[in-house]
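The values are calculated or read from the model by the stated rules, or taken from the named source; none is laboratory data. Bear in mind that the values here come from a model prediction, so they are computed numbers and not experimental data. Positions of Cβ are backbone-derived with ideal geometry, glycine not excepted, and every protein chain shown enters the neighbour counts. Side chains are part of the model used for accessible areas, which takes the heavy atoms of the whole protein and leaves out ligands, DNA and RNA. Shrake-Rupley method; radii C 1.70, N 1.55, O 1.52, S 1.80 Å.
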Amino acid sequence: QVQVVESGGGLAQPGGSLRLSCEASGSDFNTYTLTWYRQAPGKEREWVAISTNSGSPDYAASVNGRFTISRDNSKNTIYLQMNNLKPEDTAVYYCNVQRLVQGYWGQGTQVTVSS
């Protein structure tokens, strides 16, 4: 069982920035595939960014160039730096951890972009 905890959400103005964090338990964190998803009200959950243990990060087209995913294996933590935020980025952001064939979700953190 992997415990996953997100933090860092909040309110930001359009054009502003926020950084989300996701901490996951386990001694083999460096092998995990880590993915950020988001779900806006009335919409399906969508993929935002992914970090694998071996490849380059990848981003959804809607956030490419504005969001950056990074990981600190020494802290069992991944981050999502979100810059130039837009109102359409408003959503609950979830962290998904893939360990072997099992996936684990956090509880989510709310991001609201509004003036």
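In this rough spin-label picture, where each label sits 7 Å from Cα along the Cβ direction, the residue 68-residue 115 distance is 2.7 nm. When the GluC sites (Glu not before Pro) in region 14-65 are filtered for DSSP coil states and for at most 14 other beta-carbon atoms within 10 Å of their beta-carbon, the remaining sites are 44. Considering only 13, 39, 102, the Gaussian network model of the chain with Cα springs below 10 Å gives its largest mean-square fluctuation to 102. Take every Cα pair under 8 Å whose residues are at least 6 apart in sequence, average their separation, divide by the length of region 1-110, and the relative contact order is 36 percent. Within the accessible area of region 1-114, the carbon and sulfur atoms contribute 45%, probe 1.4 Å, all protein chains present.
Annotation: peptides 47-54, 89-96, ranked by per-residue average of other Cβ atoms within 10 Å with the highest first, follow the order 89-96, 47-54.
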